[in-house]
Amino acid sequence: MAILVCGGAGYIGAHAVHQLTAKGEKVVIIDNLQTGHRKAINPAAKFYEGDIRNCDVLKKIFTENKIEAVIHFAANSIVSESVKNPLKYFNNNVYGMQVLLESMVNFGVDKIVFSSTAATYGEPEKIPISEKDKTAPTNPYGESKLMMEKMIKWIPNLRYVSLRYFNAAGAIESGSIGEDHQPETHLIPLILQVPLGKRDHITIFGNDYPTPDGTCLRDYVHVIDLADAHILALNHLREGGESDIFNLGSGQGFSVKEIIAAAEKVTGQNIKTEIGERRAGDPAQLIAASDKARKILKWTPQFTNIEKIIETAWKWHKNHPNGYED
């Protein structure tokens, strides 16, 4: 029996495949390489280049392999792009989920772990955010993910776990795979572009938020800890656990200035900053409570120190300044 990983050539997906194969799992990957990378594909996995919206490709995969369960990472995920082009997100994310679920039903695959997002909550009413808080997305990306969650819930006899988290960070400690987005929108790799000489400075968007140092607070989770959580969720379903939704978070927020200071310490270099205007829709704090995942899934993050997280990211970016193009 094999695990189908949708989006297994992407940032989090590739790390999940690494962890799965390291545990002896048989893995099949589907990725259209729109944002994934061929060089990130684990050689121990069977790879199909294709789009989950293509039912013929999925039929080929489910026919040629005995698939036990699906771990679903494949999605567009840039908030600003989703605002400018919402139909792209509803087509790729929501319709992609529809075609995938139809194929799973047709081939009797009854377990799915869905890589969702804490953007499903929208503007938080309290911090930290819990799974019981209301969902009211403030952008098409978060809305598309919430729609995907709801679709899964309504499929008879399908058991699922949805995992909601904010900021994936870091890289595998060996430095063999890591974060490579075009364009890059995530804070830590953008900061590290300064010591790499790829940009002159990092812009801090707003320094007058109601936080201790005036900059936004965010929750960062190491990508390997996220990958492990997906595997724990899979095993939860294998063992007969109930369908559920879990937040994944560190439980603490780090400000933009704190992340920059940590990056300076890790790299040993001064990182020039400039203050810019606030970005529309940026909440002051986004921190997720993950007590439920720790209790039920027995999820215990290994990377709890922000400097250690940045250290793994720095190793990847220093050795691959142009990402997988090197």
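The values are calculated or read from the model by the stated rules, or taken from the named source; none is laboratory data. What you are looking at is a predicted structure, and each value in this text was computed from that prediction instead of being measured. No Cβ is skipped: glycine too gets one built from the backbone with ideal geometry, and neighbour counts run over all protein chains shown. Only protein heavy atoms, including side chains, enter the accessible area calculation; ligands, DNA and RNA are left aside. Shrake-Rupley method; radii C 1.70, N 1.55, O 1.52, S 1.80 Å.
Here the Gaussian network model covers the chain, with springs between Cα atoms less than 10 Å apart; of A118, A136, A293, A136 fluctuates the most.
Select from region 187-271 those GluC sites (Glu not before Pro) which occupy a DSSP coil region and have at most 13 other Cβ atoms within 10 Å, ordered by residue number.
Taking region 187-271 and a limit of 13 other Cβ atoms within 10 Å, the loop GluC sites (Glu not before Pro) found are E239, E242.
Put S77, S243, S115 in order of accessible area, highest first, and with a 1.4 Å probe you get S77, S243, S115.
Classified by the C-alpha gyration tensor, region 154-210 has an oblate form. Its axis ratio a/c, with a ≥ b ≥ c, is 1.5 or above, and a/b does not exceed b/c. Each residue was assigned an accessible area with a 1.4 Å probe, and for K295 the value is about 150 Å².
Dipole of region 147-210, Cα-centred, from +1 at each Lys and Arg C-beta and -1 at each Asp and Glu C-beta, to the nearest 20 debye?
Charge dipole of region 147-210: 420 debye, to the nearest 20.
Cross-link pairs exceeding 24 Å between alpha carbons, from the set K39/K257; K257/K298; K26/K111; K39/K292; K272/K318: K39/K257; K257/K298; K39/K292.
With the whole protein complex present, R199 retains an accessible surface near 90 Å², based on a 1.4 Å probe.
Under 10 Å, Cα contacts only: if you run a Gaussian network model on the chain, which one of Q193, Q252, Q269 comes out with the highest mean-square fluctuation? Of the options given, Q269 has the highest mean-square fluctuation. Here region 108-259 yields Rg over Rh of 1.00, to two decimals, using C-alpha coordinates and the Kirkwood radius.
Computed from phi, the 3J(HN,Hα) profile of region 54-63 under the Karplus parametrisation 6.51, -1.76, 1.60 (θ = phi - 60°) reads 9, 5, 5, 5, 5, 4, 4, 5, 5, 7 Hz, with x in place of Gly and Pro. For region 125-188, the fraction of 1.4 Å probe accessible surface lying on carbon and sulfur atoms is 54 percent.
Backbone amide hydrogens, once placed in the peptide plane, bring F205 within less than 5 Å of G276, excluding anything fewer than 5 places away on its chain. Take M1: with every protein chain present and a 1.4 Å probe, its accessible area is about 120 Å². In the full protein context, the chain carries 44 Å² of accessible surface per residue, based on a 1.4 Å probe and ignoring ligands, DNA and RNA. If you find the alpha carbon centre of region 94-122 and of region 262-326, how far apart are they in angstrom? Taking the Cα centre of each part, region 94-122 and region 262-326 sit 27 Å apart. Within the accessible surface of region 215-326, defined with a 1.4 Å probe on protein heavy atoms only, the carbon and sulfur portion equals 44 percent.
GNM on the chain, C-alpha springs below 10 Å: top fluctuator among P283, P43, P195? Per the Cα network of the chain with a 10 Å cutoff, P43 tops the list.
Quick check on the chain: take the gyration tensor over C-alpha atoms, sort the square-rooted eigenvalues as a ≥ b ≥ c, and tell me if it's rounded (a/c under 1.5), prolate or oblate. Since a/c reaches 1.5 and a/b is larger than b/c, the shape of the chain is classed as prolate. Projected onto their three principal axes, the Cα atoms of region 187-284 cover extents of 52, 30, 20 Å, largest first.
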